[in-house]
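For reference, the structure is listed below as C-alpha cells.
The values are calculated or read from the model by the stated rules, or taken from the named source; none is laboratory data. This one's a predicted model, so the numbers in the text were calculated from it and none came from an experiment. Counting neighbours? That spans all protein chains shown, and the Cβs are built from the backbone with ideal geometry, glycine included.
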Amino acid sequence: MKLFIRDRENIELGKEIGELSVGIRMLKRNEEIANKEVAEILGCDTAVIQKMRDLIQAHPDWEAEQIASELVEVEFESIDC
C-alpha cells in the first residue's frame, strides 16, 4: 500500500514538472511574453511565473525540465498550478 501511495505522489510530481516545463519553454522562446499571459494559460499564479523567469536567468543552460524540477523541489507545497 505504501508503494502505491508513493507511486501516486511521483505521478503527481511528474505532472507538475510537465506543466511547469511548458511554461518555462514558452518563457525561453519569447522573453517578452507577459507573466500574466503565461499564468492564465497554465492556470498558475504570476509569482510562480516570476520564479520561473528568475531560474531561467540564473541557469540559462538548463533544460526546461531541470528548471521545473528545481522549482518543484524548492516550492512544491506552495505552487498553485
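Observations on the structure shown:
- Hits in the range 61-81 (condition: part of a loop (DSSP other than H, G, I, E, B) and either at pLDDT below 95 or of a type in the set (Asp, Glu) (or both)): ASP61, GLU63, PHE76, GLU77, SER78, ILE79, ASP80, CYS81
- Within the range 44-69, residues that are farther than 17 Å from ARG29 by Cβ sit with their Cβ atoms under 8 Å from residues that are among the basic types (Lys, Arg), at 6+ positions apart or across chains, in these pairs: THR46/LYS36.
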